[in-house]
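Structure, as structure tokens:
What follows is calculated from the coordinates using simple rules that are stated; it is not laboratory data. These figures come from a predicted structure and were not determined experimentally. A quick note on method: Cβ atoms are made from the backbone with ideal geometry, for glycine too, and the neighbour counts reach across all protein chains shown.
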Amino acid sequence: MNTNISPVFLTVCLNPTMQKTLILPDLSIGQVNRCINKRMDASGKGINVTRVLKQLGAQVIHITQLGGFLKEQFLKKTAEDLLTLDWTESDSEIRFCYTLLNRKNSTTTEIVEEGDPVSAKTEQLIRDTYSSNLDTADIIVISGSKAAGFSDFLFPDMVKQAKEQGKFVILDYRGKDLISSLPFKPDIIKPNVSEFLQTFLPEIPLREEDALDIHIPKIKQKMIDLYISYGTKTILTNGSLPALSFDGSTFTTSTPKPVNPVNTIGSGDAFTAGMAWKLSQGYLLDEAVAFGHICGSKNAGLLRPGVIA
């Protein structure tokens, strides 16, 4: 990896979100629930990663698609955070996602809308935008699902192009997009446990709370296989439970610092940003993972999603 004093990050997320956070004294299913406070933020996995990287002092450019009546609000919110966006008009409404914070038992519930399909012209515009920014970037972080309307080739092509130019590539997405990207040898993949199981070991039941205990031999073997086949290191996060990483020779289990959660939305993205930032400074993977946990815990202790301060 290029460990310049000020490495340039290029973050990509093609499913932007306006995140509406509703604070409830309690949440009663099937009943009328009145919120006691609310806020709205520009969000989505890539924006959260970008915002935390910016708070860490990184130079970062974010690529996304925007459209519809919320576009100006989205741009206003990101400008307030001093984020640099290179965005493409998609003629697609930005989706809402809703966070329900239950103050009684300190739980976070999220309701995720599916995004509208982007227009036919959007993919080529995104490809052009990505290419124009790639030369000046050192580290590429691609996060989250892509909106409907993009081809199955887009993410793999982005990884291929970045690796051909010698960039350090971190991926935080799952499923077919991830499997199709692996032949181009991304440096790190960072799914959570359920995403990893869905993608690579669908025969294992999706119970994150015990997956790293009961099924650890199969999970470790798959992480080894990915490294042997593609040279790709894997980090599996698991919320507040221990994470598992494999650097090509050693498995490391690390546990986040306990925190009284306020809002856990964006904590995984804060982890990604913190981990990527430390790697850019020349730290080893286990050190970067430890710092990622610090950033994730900071986010969980704050009301706003995708921040560490």
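For the stretch 3-81, trypsin sites (Lys or Arg not before Pro) meeting the loop criterion (DSSP other than H, G, I, E, B) and having at most 14 other Cβ atoms within 10 Å: Arg34.
Sequentially through the stretch 62-75, phi angles give Karplus couplings (6.51, -1.76, 1.60; θ = phi - 60°) of 10, 10, 8, 10, 9, x, x, 6, 8, 4, 5, 5, 4, 5 Hz, Gly and Pro residues having no value and appearing as x. For Ser90, nonlocal amide neighbours, meaning residues 5 or more places apart or on other chains whose placed amide H falls under 5 Å from its own, are Leu66, Gly67. Applied to the stretch 93-99, the Karplus parametrisation 6.51 cos²θ - 1.76 cosθ + 1.60 on θ = phi - 60° returns per-residue 3J(HN,Hα) values of 4, 5, 7, 9, 10, 10, 10 Hz, with x for Gly and Pro.
3J(HN,Hα) couplings calculated from phi for the stretch 149-163 with the Karplus curve 6.51 cos²θ - 1.76 cosθ + 1.60 (θ = phi - 60°) are, in sequence order, x, 8, 7, 5, 8, 5, 5, x, 5, 5, 5, 4, 5, 5, 5 Hz; Gly and Pro show x. For the stretch 129-201, the dipole from Cβ point charges (+1 on Lys and Arg, -1 on Asp and Glu) about the Cα centre works out to 140 debye, to the nearest 20.
Exposure proxy for Ile189, Ile214, Ile308, Ile142: other Cβ atoms within 10 Å of each Cβ, ordered fewest to most, give Ile214, Ile308, Ile189, Ile142. Once you've got the Cα coordinates, tell me which of Lys77/Lys121; Lys76/Lys257; Lys167/Lys222; Lys20/Lys220 are over 30 Å apart. Over 30 Å Cα-Cα: Lys76/Lys257; Lys20/Lys220. Using only side-chain charges placed at the Cβ, +1 for Lys and Arg and -1 for Asp and Glu, the dipole size of the chain relative to its Cα centre rounds to 680 debye.
Amide H contacts under 5 Å for Val60: Phe9, restricted to partners 5 or more places along the chain or on a different chain, H placed in the peptide plane at 1.01 Å from N. Placing a label point 7 Å from the Cα of Val262 along the Cα-to-Cβ direction, the residues of the stretch 89-103 with a backbone N closer than 20 Å are 98-103. Near Gly44, the amide H atoms lying under 5 Å from its own belong to Thr17; only residues 5 or more places off or on other chains count, and H is placed 1.01 Å from N. Here r is the Cβ-Cβ distance between Lys176 and Glu203 and R0 is 22 Å; the resulting FRET efficiency, rounded to 0.05, is 0.80. Along the charge dipole of the chain, which of Asn48, Phe184, Asn37 sits closest to the positive end, that is, farthest toward it, with unit charges on the beta carbon of Lys, Arg, Asp and Glu (+1, +1, -1, -1)? Going by the Cα projections, it comes out as Asn37.
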